[in-house]
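Step one of this worksheet: look at the structure below.
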């Protein structure tokens, strides 16, 4: 698995050199090894910049490299012993604000243990997010994005069953890839305005029957579905174009079934509420 990361020594040196040219930038590095944690709850609020997340190596519980503008922000990073909780946040320094986010080169690179069950709460605003959740032990995740370009992927199967995966997307371009590897019983997408892709490819588990609920406003939604997956599609739409290729309508309601639904080994139900946009289907081998 390949993931862009500051954790490679060369990458750290390059970024540090780049940030050194702007005197207001500082680098904060923090890590902790696994001890007796049975779970880890992670709460992240990252306002502006580039956000990377992925699995840690060896016996590391978490490792963080944060590059931030000390003239505008004050980081607040704390690990709560006994509660197995990691909080990463920011406050404005000296009441300042940011008017041109394109010129603010902040970066947060976080690695989390793949061996400890994780409960993630992630919020980022005007930031570019590249979040790798594959290979982790994810029990639940709520990911909120603002005006951002974000990619969430499961390049490898989740190590345990995930109960709930929630995406709350603002005015953004958003991709969630290989969700079949997530092993999540429930997947939710609440999208306001933007272009969104939900890719349900991956290694589906016999132990998980997945239900996906999608609510979207103005925008384009692309569903990437493996041909071997049995899919039921329930759509409540207003002024929304729907691509029905690969589906047959049954009954008098708004339910559509994939042609392989009755014989498929794994099944997915998708409920969609949408207005003012398009819904497209991309069937792929798998």
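Residue 165 - would you say it is surrounded by 19 or more Cβ atoms within 10 Å (Cβ to Cβ) and either at pLDDT 95 or above or under 14 Å from the mean Cα position of the chain (by Cα) (or both)?
yes
Need a quick list: strands (runs of 3 or more DSSP E) entirely within segment 175-286 having at least 2 residues that are closer than 26 Å to residue 157 by Cβ. Full working, then the answer.
Working: elements: 184-199, 210-226, 230-242, 247-249, 255-258, 267-284.
Where strands (runs of 3 or more DSSP E) fall fully within segment 175-286 and carry at least 2 residues being closer than 26 Å to residue 157 by Cβ, they are 184-199, 210-226, 230-242, 267-284.
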Step by step: first the residues of segment 23-57, then only those that are in contact (Cβ under 8 Å) with a residue 40 or more places away in the chain and not in a strand (DSSP E or B), then the one that is surrounded by the fewest Cβ atoms within 10 Å (Cβ to Cβ). Which residue is that? 38
Among the residues of segment 113-133, is any surrounded by 16 or more Cβ atoms within 10 Å (Cβ to Cβ), at pLDDT 95 or above, within 14 Å of the chain's Cα centre (by Cα) and not in a strand (DSSP E or B)? yes
I'm told residue 66 meets every condition in (1) outside any loop (DSSP other than H, G, I, E, B); (2) buried (at least 21 other Cβ atoms within 10 Å of the Cβ); (3) within 18 Å of the chain's Cα centre (by Cα) except one. Can you identify the failing condition by its number? (3)
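The values are calculated or read from the model by the stated rules, or taken from the named source; none is laboratory data. Just so it is clear, the model here is predicted, and its values are computed rather than measured. Ideal geometry is used to build each Cβ from the backbone, glycine not excepted, and the neighbour counts take in all protein chains shown.
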